[in-house]
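So that we are looking at the same thing, I have put the structure below in C-alpha cells.
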Amino acid sequence: QVQLVESGGGLVQAGGSLRLSCAASESTSSINYMGWYRQAPGKQRDCVALISSGGMTNYVDSVKGRFTISRDNAKNTVYLQLNSLKPEDTGVYYCYGVIGATMHWGQGTQVTVSE
C-alpha cells in the first residue's frame, strides 16, 4: 500500500504563502490522480485541487488563481503552492492518491491563516 507523507504546513498571516509537499512511497507515475483535500474546523473534507498522471489540473473555485498543484515524478512528490492566503483557507490539508479504485490518504498537515 502506498504511503503518503505531507509536510510544509504552518501558521501564516493573511496574504502570505506556503508550499505543501506530499511524498509518496512509490512512483507517482503509477498513481492515476493525486491531489489535496482540506478540512476546516467543524466542516467536511473537501477537495481543493487535483492533478492527473498526464498533468491535467482542476481546482475548486475558491482557490483558483491562488493555489497551484504540481507533481514531480522524479521525486515521487506532489506539491501545492498556496498564495494570497485567507483566514478561510485554514484547515488540515490531506494529500491523496488514487490507484485503480483505491484512494490512499496522508496523515494531514495543518495550515492556519491569521488575520
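The values are calculated or read from the model by the stated rules, or taken from the named source; none is laboratory data. Everything quoted here is computed from the prediction, not taken from an experiment. With ideal geometry, Cβ positions are generated from the backbone for all residues, glycine too; neighbour counts draw on all protein chains shown. Side chains included, ligands, DNA and RNA excluded: accessible areas come from the protein's heavy atoms. Shrake-Rupley method; radii C 1.70, N 1.55, O 1.52, S 1.80 Å.
If you check V60 against the conditions, is it open to solvent by 50 Å² or more (accessible area, probe 1.4 Å) and either in contact with a Phe, Trp or Tyr (Cβ under 6 Å, 6 or more places away or on another chain) or at pLDDT 95 or above (or both)? If you could, list the steps in order and put the result at the bottom.
Values: open to solvent by 50 Å² or more (accessible area, probe 1.4 Å): yes; either in contact with a Phe, Trp or Tyr (Cβ under 6 Å, 6 or more places away or on another chain) or at pLDDT 95 or above (or both): yes.
Yes.
Also, quick follow-up: Those residues that are in contact with a helix residue (DSSP H, G or I) (Cβ under 9 Å, 6 or more places away or on another chain) and under 13 Å from W105 (Cβ atoms), I need them from the range 1-21; list them, please.
V2
Applying the selection to the range 61-115, what residues are acidic (D, E) and not in a loop (DSSP other than H, G, I, E, B)? Walk me through it before giving the result.
Looking only at the range 61-115, we keep the residues that are acidic (D, E), and these are 61, 72, 88-89, 115.
Across the range 61-115, the qualifying residues are D61, D72, E88, D89.
Kindly indicate the residue of the range 88-100 that is hydrophobic (A, V, I, L, M, F, W, C) and within 16 Å of A24 (Cα to Cα) and also least open to solvent (accessible area, probe 1.4 Å) among those meeting that condition.
As a first pass, look at the range 88-100 and keep what is hydrophobic (A, V, I, L, M, F, W, C): 92, 95, 98-99.
Narrowing the set further to residues that are within 16 Å of A24 (Cα to Cα) leaves 95, 98-99.
Working: C95: 0, V98: 30, I99: 51 Å².
Per the criteria, the residue is C95.
Out of curiosity, is V113 open to solvent by less than 30 Å² (accessible area, probe 1.4 Å), hydrophobic (A, V, I, L, M, F, W, C) and either modelled with pLDDT under 95 or in contact with a Gly (Cβ under 9 Å, 6 or more places away or on another chain) (or both)?
Yes: the conditions hold for V113.
(1) open to solvent by 50 Å² or more (accessible area, probe 1.4 Å); (2) within 18 Å of G10 (Cβ to Cβ): which one isn't true of L85, the others all being true?
Only one criterion is unmet by L85, namely (1).
Any idea which residue in the range 101-110 is most open to solvent (accessible area, probe 1.4 Å), counting only those that are free of Cβ contacts under 8 Å to residues at least 60 places away in the same chain and hydrophobic (A, V, I, L, M, F, W, C)?
Filtering the range 101-110 for residues that are free of Cβ contacts under 8 Å to residues at least 60 places away in the same chain and hydrophobic (A, V, I, L, M, F, W, C), the one most open to solvent (accessible area, probe 1.4 Å) comes out as A101.
Another one. Taking I51 as the residue in question, decide whether it is at pLDDT 95 or above, farther than 30 Å from E115 by Cβ and either under 11 Å from the mean Cα position of the chain (by Cα) or not in a strand (DSSP E or B) (or both).
yes
Here's something else I'd like to know. Search the range 24-36 for residues being assigned to a strand (DSSP E or B) and over 11 Å from the mean Cα position of the chain (by Cα), and hand back the single one that is farthest from N76 (Cα to Cα).
Y33
List pairs: first residue in the range 38-50 and among the acidic types (D, E), second residue assigned to a loop (DSSP other than H, G, I, E, B) anywhere in the structure, Cβ distance under 7 angstrom, at least six positions apart or on different chains.
D46/V60
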